[in-house]
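So the structure is just underneath, and the comments pick up after that.
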Amino acid sequence: MPAEESAFLRACRRQPVPHTPVWFMRQAGRSLPEYLRVREGIPMLEACATPDLIVEITLQPVRRYAVDAAIFFSDIVVPLRAVGIDLDIKPGVGPVIADPIRDRADIARLRPLTTDDVPYVTEAITSLVSELGDTPLIGFAGAPFTLASYLIEGGPSKNHDRTKVMMYAEPDLWHALMEALTQITIGFLRTQVDAGARAIQLFDSWVGAVAPDDYRRYVMPYSERIFAAMADVPRIHFGVGTGELLGLMGEAGADVVGVDWRVPLDEAARRVPVGRALQGNLDPSLLMAPWEVTRERARDVLERGRAAESHIFNLGHGVLPSTDPDQLARLADFVHTESARLAEG
């Protein structure tokens, strides 16, 4: 079937589907032996700027699994690096910022991103669209709050203390930073869509650290602007630990709200406004359990997902590095067959 008629895109639009579509966050990457082979000796950010590698890594899970969509291989800090921020991704640590943002002069280092800043993205997606045929490609970006957290903390943080202190104590500085990051994020997503990505996902990985009132005041306006700028494609919004924010995330403008494993999908359907699909939400650690356990929990996700207006099966976060690829393959097949059976019965 043509990409525009794919089960994934139809589910994003809350249209009838023959089966529940499935894809996996971080399906392109660290759990695949073929990924480890092609990445051997190549730093992450170098791989994210090499079109041939981007194409190969994005395609690897599509070859292995019966997934209904591909996810563009990149990293949320790639656009920051592209506009000149001195950063690196250290193995076992994550993104590390050489000069964290502390004042308005630091924010002045940020500028809007254009397509010319990331030519490798356009080149890779152009090739991918040709290679993928009817399988749609999802573009993605990190949301401003999560990017701000890395820039302010200087790297990964457990509590995001410095980030929230700036938000509370220096709101003018905070809003200036969020404005700059919003422009960068829109530029990165627009480059992907203009090159051929048929949907986008905005990852706000760490926004679960804020309370609902603070989300509405300090975060949500920027998510709204990003989604408004990307209204020509289906839009997915995902964060970790965001159970108390699901309603607000649904109000921010995405077509699909991603749910982590902490909130059952039938409960998430009650929290999210009408007119939204849901995505999720098997606990990634269950992929290390015996198949009989994984299967029963996946069936439960599918059954609870029927409470949503539309459901895209995914994990509640990314694929863990120690995941057996064969388990993911069985899961994708099971989602298709079991969801079709449930729909008939």
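I need the trypsin sites (Lys or Arg not before Pro) found in segment 120-190, filtered to DSSP loop residues with at most 15 other beta carbons within 10 Å of theirs. The qualifying sites are Lys158. Taking other C-beta atoms within 10 Å as the exposure proxy, Ser157, Ser285, Ser31 rank Ser285, Ser157, Ser31 from fewest upward. In this simple spin-label model, placing a label point 7 Å from the Cα along the Cα-to-Cβ direction at both Glu123 and Ser322 gives a separation of 3.8 nm.
For Ala307 and Asp194, what does the FRET efficiency come to when R0 = 35 Å and r is the distance between their Cβ atoms, rounded to the nearest 0.05?
Values: r = 36 Å, r/R0 = 1.03.
E between Ala307 and Asp194, to the nearest 0.05, is 0.45.
Extension gain for Asp213 to Arg14 (0.36 nm times residue separation, less C-alpha to C-alpha distance): 68.7 nm. Taking amide H as placed 1.01 Å from N in the peptide plane, the amide H of Ile71 sits under 5 Å from that of Ile138, each at least 5 places away or on another chain.
Taking other Cβ within 10 Å of each residue's Cβ, how do Val259, Val293, Val272 sort, fewest first?
With the fewest neighbours first, Val259, Val293, Val272 line up as Val293, Val272, Val259.
Entry note, the chain: the mean residue ellipticity at 222 nm calculated from DSSP H runs of n ≥ 4, each adding -39500 (n - 2.57), is -13500 deg cm²/dmol after division by the residues and rounding to the nearest 500. Given their separation in residues at 0.36 nm each and the Cα-Cα distance between them, Thr50 and Asp266 gain 73.6 nm when the chain is fully extended. What angle, in degrees between 0 and 90 and rounded to the nearest 10, separates the Cα long axis of helix 144-153 from the longest principal axis of the Cα atoms of the chain? Tilt of helix 144-153: around 50 degrees. Antiparallel beta bridges, as assigned by DSSP with both residues in the chain, represent about 15 percent of the total such bridges. Rg of the Cα atoms in segment 25-275, relative to 2.2 N^0.38 Å, amounts to 0.98. Against the chain, whose longest principal axis is taken from its Cα atoms, helix 171-195 shows a tilt of about 50°. Distance between the C-alpha centres of segment 121-184 and segment 247-288: 20 Å, rounded to the whole angstrom. Annotation note: trypsin sites (Lys or Arg not before Pro) in segment 15-58 located in DSSP loop regions with a Cβ neighbour count of at most 15 within 10 Å are Arg30.
The angle separating the long axis of helix 220-229 from the principal Cα axis of greatest extent in the chain is about 70 degrees.
Taking every C-alpha pair closer than 8 Å and separated by at least 6 residues, the mean separation divided by the residue count of the chain gives a relative contact order of 20 percent.
All of the numbers you see were taken from the coordinates with simple rules; none came from a lab. It should be emphasised that the depicted structure is a prediction, and the values quoted were computed from it without experimental measurement. Backbone-built Cβ (ideal geometry, glycine too); neighbour counts: all protein chains shown.
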